[in-house]
1. For residues that are within 19 Å of GLY217 (Cβ to Cβ) and under 35 Å from the mean Cα position of the chain (by Cα), scanning just segment 57-87, find the one that is surrounded by the fewest Cβ atoms within 10 Å (Cβ to Cβ).
2. Do you know which residues across segment 199-233 are polar (S, T, N, Q) and over 29 Å from the mean Cα position of the chain (by Cα)?
3. Could you give me the residue pairs with C-beta distances under 8 Å whose first residue belongs to segment 1-27 and is surrounded by 15 or more Cβ atoms within 10 Å (Cβ to Cβ), whose second residue is among the aromatic types (Phe, Trp, Tyr) wherever it lies, and which are 6+ apart or on separate chains?
4. Just to check your reading of the model, which residue among VAL229, VAL242 is within 17 Å of ASP137 (Cα to Cα), crowded, with 23+ Cβ neighbours inside 10 Å, β-branched (Val, Ile, Thr) and touching a Pro at 6+ places or on another chain (Cβ under 9 Å)?
5. If LYS54 satisfies every condition in (1) within 21 Å of VAL288 (Cα to Cα); (2) in contact (Cβ under 8 Å) with a residue 40 or more places away in the chain but one, which is the exception?
6. Keeping to segment 543-575, report how many residues are among the polar types (S, T, N, Q), under 32 Å from the mean Cα position of the chain (by Cα) and within 16 Å of ILE532 (Cα to Cα).
7. May I ask you to verify whether ALA357 is surrounded by 21 or more Cβ atoms within 10 Å (Cβ to Cβ), under 20 Å from the mean Cα position of the chain (by Cα) and either on the phi < 0 side of the Ramachandran plot or without any contact (Cβ under 8 Å) to a residue 40 or more places away in the chain (or both)?
8. Please find, within segment 557-572, the residue that is farthest from ASP508 (Cα to Cα) out of those that are in contact with an Asp or Glu (Cβ under 8 Å, 6 or more places away or on another chain) and crowded, with 16+ Cβ neighbours inside 10 Å.
Amino acid sequence: ANAWPQFADFAFGNNNLPQPVEADFASNFGSTRWDRTKMDKTLNLAAMGQSMWKQYWWSQDMLSAFHDGDDNTIEADGTNSPDFEDSPLFDPDNNIYYGGNNLDGYIGQVLTAVAINKAKFIISSLAYDGNSLGGVDPATYDPSAGIKYFPTAIAVTESPVISGLPPQASDLTVVDATSQLFDQISFLLATLGYRNMMTPNDNSDAAHLAYHEAFDGYPFPADMAVTGVPGPFNLMMGASKVTFLNMMVMHFNSDAGTFVDEAGLDGSGAPVKGDVITAENAGYALVVLRDFLNEFAGTPLYDMANNGLMAQANFILSNFADANGGFYNSYTIGSGADASAKTLAANAALIRGLYAAYEATGNTDYLDAANNGYNFLINNFYVPGEHVFHTTMNDNTAVYTPWNLAILAGALREAKLVGEQSGPDQIYTRVFKTVYDQMILSEAQPTGEEGSDSDGDGVPYIVGGTKPFVFAASGVYQIPPVSTRFVEAAKWNIRAYPNPVSEELYIDLTLDQTAEVQITLYELSGKSLRSIEQTLSAGRQTLGFSLGKLPAGDYVARISVEGEPIGIRKISVMH
């Protein structure tokens, strides 16, 4: 009861509730409603796209199977269905229901309905020609005949309908007409995801066999090929086409071979492109183009997307990558790469993007660069003893946000699955417990909750409180300081070899005076395994380190001089 699923999400809100949560909150949503007077009632395509992408990930999981009346999961096999035989209509008597269980079936359908309405609203009401908002018809859209794009900020004026119902949007006003690349990427990721879920021709797995039964006319309309009118599949296909074309026309600089962050229209309606591309946008452009290639294979748009992906990936290798495997934060056409301290988000985004480029093309140059970037990330950002990452290289004040933590999670996942690195899952688990779970969730301030924290995650049972626990905007972790020698570690010229290694590891380094050198080997979990110390003379020196019978896998070696850490190296043990 009292559900107000708002399909067009605002950019910002305040999660402090104006009323305490009631005991029936799981079935009556009125007491969990946020305070609309504290919302920034601005529509931003990235916010709507990112939430829709999340809705896709949830709904594709929830609707990927069926269940029976006892809530037991039933795998779809192409012969079983919740529907009447030879009909798309639901059969209430055959003991098969949508969703992997009862709750999944309900929430999955709600999230999908919200996403469909959101996508329809965006292409019907938020397309901008430089003068006014309106709709764009995907079936006939041709940017050369007049660009219609989705601006980054649209203010909403609300007016009441009747008591008990949500207000309506009575006026929409463009307050920032800039086209932001991240906006387009975010919405396109979501529409491509739903397009894949809704496609009527994919029988490749049990999940898609289950999806067919949800998009065959009931509970959601079928494809236009069946009904003669566009359905959700056609909506997502069309929205993807429009957004992709606008990305290419407004944001791709074909002379430089890269996308750019910002664009707009001049007085004649022609695109005016910026000259800066940030690492995060460059990386995620590759991710979304990989998905686009998968969904638009065999169409006239495939070659355009493939050429854009390869150009962007090659641009990254030529202009973002440094000699050590790391990546710069941004690049300005005509000026060069940003020389500021490297960030976690920039490096993780380009790692993820290059893995996607490798998946799309099979070009091992992209795979090698991604793996080198992953090694650089572990060597320069990960602190194994603390189970944390620096967010800026050599800065011990780590500022975590949903932005950099989400990008990091994506990079670690792809390093494991695509790069076949042996340690990212262990690192993610440790960092999740230290950072994601303990710091970012706004869990610490009790607001009257009457229940206990039975699972020990810091989140009490919320009845009686006034805060639905969500991710905070930022969290700070002070990493224990090390010597300034670590900041100046380039002068030590550390080399660890062979890597991968079997039994004996060697560390080369340059000393400016006689000093005690220590090498400590850690598991990725942060557990110290063994350590050696030796006094070495000034000059180029080599220190041998016997690994014994360590199991194959990834480890971290920390090198210290006179007790002060000067470097970290990821070590792969192979037998």
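1. GLY78
2. As a first pass, look at segment 199-233 and keep what is polar (S, T, N, Q): 199, 201, 203-204, 227.
Within segment 199-233, THR227 is the sole residue that qualifies.
3. Listed by first residue and then by second, the contacts come to PHE7/PHE121; ALA8/PHE121; GLY13/TRP34; ASN15/TRP34; LEU17/TRP34.
4. Values: VAL229 fails: crowded, with 23+ Cβ neighbours inside 10 Å.
Exactly one of VAL229, VAL242 is within 17 Å of ASP137 (Cα to Cα), crowded, with 23+ Cβ neighbours inside 10 Å, β-branched (Val, Ile, Thr) and touching a Pro at 6+ places or on another chain (Cβ under 9 Å), namely VAL242.
5. (2)
6. Step one: filter segment 543-575 for residues among the polar types (S, T, N, Q), giving 546, 560, 572.
With the extra rule that they be under 32 Å from the mean Cα position of the chain (by Cα), the set shrinks to 572.
Checking which are within 16 Å of ILE532 (Cα to Cα) leaves us with none.
Count: 0.
7. On the way: surrounded by 21 or more Cβ atoms within 10 Å (Cβ to Cβ): yes; under 20 Å from the mean Cα position of the chain (by Cα): yes; either on the phi < 0 side of the Ramachandran plot or without any contact (Cβ under 8 Å) to a residue 40 or more places away in the chain (or both): yes.
It is true that ALA357 is surrounded by 21 or more Cβ atoms within 10 Å (Cβ to Cβ), under 20 Å from the mean Cα position of the chain (by Cα) and either on the phi < 0 side of the Ramachandran plot or without any contact (Cβ under 8 Å) to a residue 40 or more places away in the chain (or both).
8. Step one: filter segment 557-572 for residues in contact with an Asp or Glu (Cβ under 8 Å, 6 or more places away or on another chain), giving 561-563, 570-572.
Still in the list and also crowded, with 16+ Cβ neighbours inside 10 Å: 561, 570-572.
Values: VAL561: 13, LYS570: 15, ILE571: 14, SER572: 17 Å.
So, considering only residues that are in contact with an Asp or Glu (Cβ under 8 Å, 6 or more places away or on another chain) and crowded, with 16+ Cβ neighbours inside 10 Å, the one farthest from ASP508 (Cα to Cα) is SER572.
Read-outs: derived from the displayed coordinates by stated rules, not from any lab. Predicted, not measured: the structure shown is a model, and the values here were computed from it. As a convention, Cβ positions derive from the backbone with ideal geometry for all residues, glycine included, and neighbour counts pool all protein chains shown.
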